1. Considering segment 146-169 alone, what residues qualify as being open to solvent by 40 Å² or more (accessible area, probe 1.4 Å) and under 20 Å from LEU6 (Cα atoms)?
2. With the requirement that a residue be hydroxyl-bearing (Ser, Thr, Tyr), in contact with a Lys or Arg (Cβ under 8 Å, 6 or more places away or on another chain) and either free of Cβ contacts under 8 Å to residues at least 40 places away in the same chain or outside any loop (DSSP other than H, G, I, E, B) (or both), what does segment 87-114 give you?
3. For segment 118-145, enumerate the residues that are part of a loop (DSSP other than H, G, I, E, B), open to solvent by 80 Å² or more (accessible area, probe 1.4 Å) and charged (D, E, K, R).
4. Within segment 118-139, can one find any residue that is in contact (Cβ under 8 Å) with a residue 60 or more places away in the chain, in contact with a helix residue (DSSP H, G or I) (Cβ under 6 Å, 6 or more places away or on another chain) and hydroxyl-bearing (Ser, Thr, Tyr)?
5. Mind checking which residues of segment 22-43 are under 16 Å from ILE77 (Cβ atoms) and without any contact (Cβ under 8 Å) to a residue 40 or more places away in the chain?
6. Between a residue in segment 61-78 that is more than 7 Å from GLY35 (Cα to Cα) and any residue that is of a type in the set (S, T, N, Q) and open to solvent by less than 60 Å² (accessible area, probe 1.4 Å), which pairs come within a Cβ distance under 9 Å, given they are 6 or more apart or on different chains?
Amino acid sequence: VKRVGLLADYLARGLGLDERKADELRYAAPLHDIGKIAIPDAILNKPGAHTPEETAIMRTHAERGAQMLAGSNLRMIRLAAEIAATHHENWDGSGYPNGLEGEDIPISGRITALADVFDALGSKRCYKEPWPREKIIEFIRGESGRKFDPRMVDFLIENLDGAEQIRVDLPD
């Protein structure tokens, strides 16, 4: 999760967000999946594909995370709630939980979505091995304009070395 925060910071700065917003994203983005503590371990750690019922349960983590963090007086925690609620919204409106699209998705959620997927694809998980660089690039390019904000994808691809350095500095 620390890498997701650092990647969010990297993307934010590269996209022209001010230093304060980038710093806030570095600390709030790692909480994006906090709602997963409410997901049963048997589903969360399942090595294979989820059934439709398990997928529905898994998808509740976005709303649950936002609910856990909602109502705080701390700006950082409110930002983390926004991220938890929106990091699975897709640029084309096909995401969840609210089907937001384009710039209706807060920039914090759009940045964290790309940071999270980039990190996950390059990481070993209980259900997959890390992907090679070329496959990660192909996937992310293919999702530009569907899952991800195209401007963010362009920045990431053009500045991939900096993003990959974060993984080198913080390996699995």
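The values are calculated or read from the model by the stated rules, or taken from the named source; none is laboratory data. The shown structure was predicted, so the numbers you read here are calculated from the model rather than taken from an experiment. Every residue, glycine among them, receives a Cβ derived from its backbone with ideal geometry; neighbour counts consider all protein chains shown. Note: areas computed on protein heavy atoms with side chains; ligands, DNA, RNA excluded. Shrake-Rupley method; radii C 1.70, N 1.55, O 1.52, S 1.80 Å.
1. Listed by number, the residues that qualify are ARG151, ASP154, GLU158, ASN159, ASP161, GLU164, GLN165, ARG167, VAL168, ASP169.
2. TYR96
3. Scanning segment 118-145 gives LYS124, GLU129.
4. Within segment 118-139, none of the residues are in contact (Cβ under 8 Å) with a residue 60 or more places away in the chain, in contact with a helix residue (DSSP H, G or I) (Cβ under 6 Å, 6 or more places away or on another chain) and hydroxyl-bearing (Ser, Thr, Tyr).
5. Filtering segment 22-43 down to residues under 16 Å from ILE77 (Cβ atoms) leaves 23-35, 37.
Those that are under 16 Å from ILE77 (Cβ atoms) and without any contact (Cβ under 8 Å) to a residue 40 or more places away in the chain: ASP23, ARG26, PRO30, ILE37.
6. From residues that are more than 7 Å from GLY35 (Cα to Cα), the pairs are ALA66/THR86; ARG78/SER72.
Listed here are the residues, each with its yes/no results for (1) more than 20 Å from TYR127 (Cβ to Cβ); (2) part of a helix (DSSP H, G or I).
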position	(1), (2)
LEU6	yes, yes
ASP9	yes, yes
GLY16	yes, no
ASP23	yes, yes
TYR27	yes, yes
PRO30	yes, yes
ILE37	no, yes
ILE43	no, yes
GLY48	no, no
